[in-house]
Amino acid sequence: MAASPLRIERPPVRGFDPRALRREFPIFNTHPGLVFLDSGASAQKPRSVIDGIAEFYRSDYANVHRGVYSLSARSTDRFEEAREKVRAFLNTADEREIVFVRGATEAINLVAQSWGPAYLKAGDEIVISDVEHHSNLVPWQMLCGRVGCRLVVAPTDATGEFDLAAFEALLTSRSRLVAVTHISNVTGTLLPIERIVQLAHGKGARVLVDGCQAVPRMPVDVQALGCDFYVFSGHKAYGPTGTGILYGRYDALAAMPPWQTGGGMISGVEYAKTEFLEPPHRFEAGTPDIAGAVGLGLAFDFIEGIGREAIAEHEQVLTGYAVDRLSRIPDVQVVPGGQHRLSVVSFNVDGVHPHDVGTVLDQHGVAVRVGHHCAQPLMDKLGVAGTVRASLGVYNDEADIDRLAAAVAACREMFVR
């Protein structure tokens, strides 16, 4: 028997209108029936970002830095204005703490390849959580292999909550780096970053935070968090692909050697030696994605125009609604995300492969992500090959969740006897 289509009424967030916001995204004009629940993988782009990038290429594009002609100066201004927008968005102390990269993956690898070998030695420890994306696991795993340090995994508990007591017990005088996600891309678990930072700093360890899932949907203040590094990808924050940010405390960046070398990061070159620019330009070798940086700045304008507090409140309400609706469907198992989960809900239908569920949902016009979500060790812990994941954006509302639940119920009727 199909699950009841009963709606669980929840008060809407005041001043937040997802249907109005949806009109700002051209993709929904092209696909008017689409229920897009895959923003955790990559968010759709608003018209202001799409048109703004095109206009930049039409009107202001030239290579940046060192150009003495007015068009290059204007392009440089747009590029550095984007850096200042990111600085303000994260509330960093200094715009020199903002490094443009191609994504969170590159940012983490930059720290692993530059800071890591300079400051880690055999016997040191790197602590991660058990809900990390491969991008915040494999670089540290490889670094451990290179320098002989040890990878330590802090657990989440049976409810999906990060186990602070277990984490604290794992920290030792050998702990040199803690690298954790802000929000899990599988469970939606919101980790207690401020407390993690306090405990790690108490042992003399630096802290890197993967903010890919947090930046698009909640206020992020790196000074309040106290972390040493914070990374995210622009494409998950309504910006263009191929863009990302590494925030690093200036003292940490200034002490790090370059990772990649080339034009744009040199202060002087002789055949015998090379001198490098100060951060952030030391870490921005070659011609950057200028239009991408401008587009990321426009994406932040879009987010700020809505209000990050309003986005967080809306998606928190919608996350709870999604958990409630899915949990009411027989044979559906929702992966626990703790008491503080946001915007990501993973689930399975008993006896049905996640790929089959995703295919059926697509036939109902519902787009979700299926598989291990680049978190295979977590899947092993959960005892599953993969999950179905619904992740939210500003354009989603309760009607989308109802469409999701109806499609999941139909899938269950198709496969479960």
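The values are calculated or read from the model by the stated rules, or taken from the named source; none is laboratory data. Nothing here was measured: the structure is a model prediction, and the numbers come from that model. Positions of Cβ are generated from backbone atoms using ideal geometry, with glycine treated the same way; all protein chains shown enter the neighbour counts.
The rows are residues; the columns are (1) within 30 Å of Val370 (Cβ to Cβ); (2) modelled with pLDDT of 95 or more; (3) in a helix (DSSP H, G or I); (4) not small (Gly, Ala, Ser).
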position	(1), (2), (3), (4)
Phe16	yes, no, no, yes
Asn29	yes, yes, yes, yes
Ser48	no, yes, yes, no
Gly67	no, no, no, no
Ser75	no, yes, yes, no
Val86	no, yes, yes, yes
Ala93	no, yes, no, no
Is there any pair with a first residue in the stretch 9-24 that is in the same structural domain as His314 (by TED's automatic domain parsing) and a second that is surrounded by 12 or more Cβ atoms within 10 Å (Cβ to Cβ) and at pLDDT below 60 whose Cβ atoms are under 9 Å apart and which are 6 or more apart or on different chains, and what are they?
none
Flagged in the stretch 115-150 as under 19 Å from Asp228 (Cα atoms), aliphatic (A, V, I, L, M) and in contact with a helix residue (DSSP H, G or I) (Cβ under 9 Å, 6 or more places away or on another chain), in numbering order, are Leu120, Ile126, Val127, Ile128, Leu137, Leu143
Do the conditions hold for Arg325, that is, is it under 17 Å from the mean Cα position of the chain (by Cα), of a type in the set (Lys, Arg) and closer than 15 Å to Leu404 by Cβ?
no
Which residue pairs have Cβ atoms closer than 6 Å, lie 6 or more positions apart in sequence or on different chains, and pair a first residue in the stretch 274-299 that is over 20 Å from Tyr61 (Cα atoms) with a second residue that is surrounded by fewer than 19 Cβ atoms within 10 Å (Cβ to Cβ) and of a type in the set (S, T, N, Q)?
Glu275/Ser267; Leu277/Ser267
Of all the residues that make up the stretch 407-417, how many are touching a residue at least 60 places away in the same chain (Cβ under 8 Å) and crowded, with 18+ Cβ neighbours inside 10 Å?
4
If the requirement is being buried (at least 17 other Cβ atoms within 10 Å of the Cβ) and either at positive phi or not assigned by TED's automatic domain parsing to the domain that holds Ala237 (or both), which of these qualifies: Ala312, Ala385?
Ala312
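Please list, ordered by residue number, the helices (runs of 4 or more DSSP H) wholly in the stretch 103-186 having 2 or more residues that are touching a Phe, Trp or Tyr at 6+ places or on another chain (Cβ under 7 Å) and either outside the structural domain of Gly234 (by TED's automatic domain parsing) or at pLDDT 95 or above (or both).
Working: elements: 104-119, 138-147, 164-170.
Qualifying helices (runs of 4 or more DSSP H): 104-119.
Among the residues that make up the stretch 274-286, is at least one of them farther than 26 Å from Thr241 by Cα, outside the structural domain of Phe79 (by TED's automatic domain parsing) and among the aliphatic types (A, V, I, L, M)?
Going residue by residue through the stretch 274-286, those that are farther than 26 Å from Thr241 by Cα are 274-278.
Among the residues that remain, those that are also outside the structural domain of Phe79 (by TED's automatic domain parsing) are: none.
So far as the stretch 274-286 goes, no, none of its residues is farther than 26 Å from Thr241 by Cα, outside the structural domain of Phe79 (by TED's automatic domain parsing) and among the aliphatic types (A, V, I, L, M).
So that you can scan it fast, the table gives a plain yes or no per residue for (1) within 27 Å of Ser39 (Cβ to Cβ); (2) surrounded by fewer than 24 Cβ atoms within 10 Å (Cβ to Cβ):
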| position | (1), (2) |
| --- | --- |
| Pro192 | yes, yes |
| Gly204 | no, yes |
| Cys212 | yes, no |
| Pro216 | yes, no |
| Asp221 | yes, yes |
| Leu225 | yes, yes |
| Phe232 | yes, no |
In the set Ser391, Ser343, which member is at negative phi, polar (S, T, N, Q) and at pLDDT 95 or above?
Ser391
Please pick out the residue among Val209, Val231, Val215, Val294 that is assigned to a loop (DSSP other than H, G, I, E, B), of a type in the set (A, V, I, L, M), on the phi < 0 side of the Ramachandran plot and touching a helix residue (DSSP H, G or I) at 6+ places or on another chain (Cβ under 7 Å).
Val215
For the stretch 234-272, which residues satisfy the criterion of being over 15 Å from Asn109 (Cα atoms) and part of a strand (DSSP E or B)?
Ile266, Ser267, Gly268, Val269
